[in-house]
Every structure is written in C-alpha cells, then in structure tokens.
C-alpha cells in the first residue's frame, strides 16, 4: 500500500555507522536524513519535519543526552520519538536518564537489523497515523466551520438585531417597557430594571413605585406624558432624571408610542429608556473645560500685559529681547503645566527648562529633592528663575567660562528654601538701584506667593535666597482659579 514517506534522522559521528544504519533501514522505504554531529542534527530539525530520531549516545562536543535535552526544549519537537544507540553497557541509571531526556527506546550495539527496523517502523507508522488523524481532524473542523457559517448566514439579520439589543441591555444603557393602558399592568425588561437600579425580585412595577423613583423636579414629565396620550398624541419623547435607591441620580431620555383600538382609544403604550448620564457628564466637563481655558487664557494675557507694560530698556532691541525672554519663560512653564493637566510642576523640571538655553557643561550644579509645585506657584517661580538666569548670563557667573552657579533647595514644614550661589564670574558690586528683573522677582515672590527674597551682592558672586510657602492659600488654589501673578504688585515695584 502506498503511503506518504516520513523523514528519519540518523545521528552519529562515525560515517561507517551512519552507512550501516542507512543500509539496514533502506528496506522501510522512508526518507533517511543523516547528521554527523549534534549541532548538525539541530540544524536539520529546524528545517524539516522529522518522525523518528536515531541518535548515538557517545558523541564528542554534544552527546546524545545533551542533544535530547535541547530537542525537548523546543516546542515543535516535544513529542518527536528518539531512540538511543549505545555501544557501551547501559546501566539502569543511564536508561532512566535517557528516558527523562525524552528517549522512547534503547538499541544496543551490535545492532540487530531486524530489531532496529521493527522499532523504527513502529514509530514511523505512529507518526504517520498521528499526522493523518490531525489532517482528518482539520478537515472535520473545516466542515464544521463551513456548516456553522451557513447557519449563521441564514439567521444573520435576527442574530444581529438581538445582539445589538443584548449589548445595549448588558451595558445598562437601554431598556424597554410596555404599559397596558386598560389594566394598568407594566412589563419591564432586564435593561429597564438595571437603569433604575432595582431588581424584579424586590420591585413591583406600578405607577406609584415608578413615580417614586423619578426626580421630584421631573415628576410632572410623567403626568404631562399621560395627559398628551389622553389627548390623542401617538408618540412622546422627553428627558428626565431618576433617583436610584442608592441615591445616585441618573439622566435618561424616554421615547414612547401609543397603540390604539378601532375607536382611537389608547390601549397600550410601549417605550424605550436610554441612560444618557455619561453624555450629560461629558457636556458638563466640556463646559467646565471651556470656562477653565477662558480663565487661563485671561491669566496668561494679564501676565503678558504686565510684562510688556513694566519692562524697561534704553533701546528697542533690548526691550524686545527682554519681553521675548520673559514671555518665553511663561510659555515654558505653561507647557509643563499643560502636560500635567494643570495639576502642577516638578521644581527640577522647571529649573531644567529655564537653564536649557545656557548649555554650559559643568558650570551649573543642581541639588535638591523632588518638589511638586502647584500651578500658581510654578508660574510665579518660573518667572523669578528666568530673571535670575538672565541677569547671571548678562552680568554674573554665566557671562564667563570661569563662572560657576550652584542651585540648591530643600523643603521643611511646607516651606521651600531655594539658594542661588554664583562664583568665579566678574567682580560684583552692589547695584545703586534695582532693575525691573529684581523688582519683579521681589514683588512676585513676596506679594504673590507670600514668601521672601534676599540678595547678598558679594564681590565673588551673587547669593540669593528664596523662601516660598507651599501651602499658602494663594498657592493652593485649584487649577484654573488662580489669578495672574504680578499685575498690581509689579506695578508698585516698578514705580
């Protein structure tokens, strides 16, 4: 009987033995594949489907036991039959080790051709039968799938309609009901019970109980609907609220249609209820967001207006540069706050953004713990840091390669203390009058944040100390509710 040939892998490091195995097994009529080492055998396995592996136990580099262990680790070959050939006396321990590695049998040397052929034939036939069963099973599954597809196609419309209804009910967003206008009997489906937050085992559907679940301000909607149907209206739709037994308020939209008899009298009203609470909440969030965006835009414009109005310079170019620098500082902190959904900004991130334009490797040292600043505090402190960096780049430590700047900060009892220490720059002299940068820094930190700013104009470099409370009322205002810092205060400081 013709049958599909299977691959038999022969593994031995001695060519003479491989040739002998080929001669012995040639009568089986299968495909014989040879490998002279364990590594070569692994390459053959990865490229071919192998039914049986005949492997010598004693081989250099990779012996039969090691090869078997590697073969069994691969998902494709966990059930591949392996027969060990051993030219030495095999102990029970060696046999046990071989079986643990995945061997299905042992063949001693000298090999008895009839015995070897019989063993190989058994496992080759087993492999062939297994593959045949897999093919038959696949064909059966294909036929089952085809038949199932035919059945599904024949009922597609009905199933699709029921699926949509089931999904709506399962999500708790839709329910249907029926009201016998003559007898007063009600019928609710599962979705209707779920929307109202009650169960059929404990809730009796009747006008009084249904009315008790309506929001007091929306009870008139039910009375109005009944009145409309009594007047001859055939369809009615309205939005209303319900109050579940757990006190949760839900928004719903109800649509109802009347069925009349031959005389035009209403005999039945059927309807659908849809839970639209999430939509209502989304609309509220959208309205709130629009108001917050408007408020924040006004704050940003107020800050920009203050910067433009209060900046002083001897020439237009210097004026434009100063304004642009301060507005860019405001834009950078605005980006940081936006990424956090206006929940706040981390102090080190704020400092990194401000020192980014000054890529002076090794000149600036930062030291301090993680500190999360609220939006109002972050905005004001960002502008203060910008003034310090700008002044240092123009006149202080950052204006020369030999200059050094150390920024350190710590928090104790909700008080942020930040120290700014310059050294190695040009000789520093105490200014005769304070410029806009210094005045705005003092005004914003002290007036807006309720903190303190101290300047020590040492000859070797400026030493500045900022103390900012992190829990002051003005610094803990909710996002979108803080005022633009510095408008009135900066006006006073510039006077």
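Only the coordinates and a few stated rules stand behind these numbers; no lab work does. Since this is a predicted model, take the numbers as computed values, not measurements. Positions of Cβ are backbone-derived with ideal geometry, glycine not excepted, and every protein chain shown enters the neighbour counts.
Brief remarks follow.
- Ranked for footprinting exposure by Cβ neighbours inside 10 Å, fewest first, 406, 400 give 400, 406.
- A Förster radius of 35 Å, combined with the Cβ-Cβ distance separating residue 412 from residue 284, puts the computed FRET efficiency at roughly 0.30.
- Our estimate of slack between residue 190 and residue 128, defined as 0.36 nm per intervening residue step minus the Cα-Cα distance, is 16.9 nm.
- Exposure proxy ranking for 233, 80, 438, 471, based on other Cβ atoms within 10 angstrom of each Cβ and starting from the fewest, stands as 471, 233, 438, 80.
- 262, 12, 63 arranged by Cβ crowding within 10 Å, fewest neighbours leading: 262, 63, 12
- Along each principal axis, Cα extent of region 372-419, largest first, Å: 36, 20, 12
- Two-decimal ratio, region 170-275, of alpha-carbon radius of gyration to 2.2 N^0.38 Å: 1.04
- Extension gain (nm, one decimal) between residue 202 and residue 467, 0.36 nm per residue minus Cα-Cα: 89.1 nm
- Mean separation of Cα contacts under 8 Å (6+ apart) over length of region 170-275, as relative contact order %: 31 percent
- In this structure, residue 140 and residue 253 have a Cβ-Cβ separation that, at R0 = 30 Å, corresponds to a calculated FRET efficiency of about 0.05.
- Rule-of-thumb Rg ratio for region 7-137 [Cα; 2.2 N^0.38 Å; N residues]: 0.99
- What separates the Cα centres of region 199-213 and region 394-463 is a distance of 71 Å.
- Efficiency of FRET from Cβ geometry, residue 151 and residue 262, R₀ 41 Å, rounded to 0.05: 0.45
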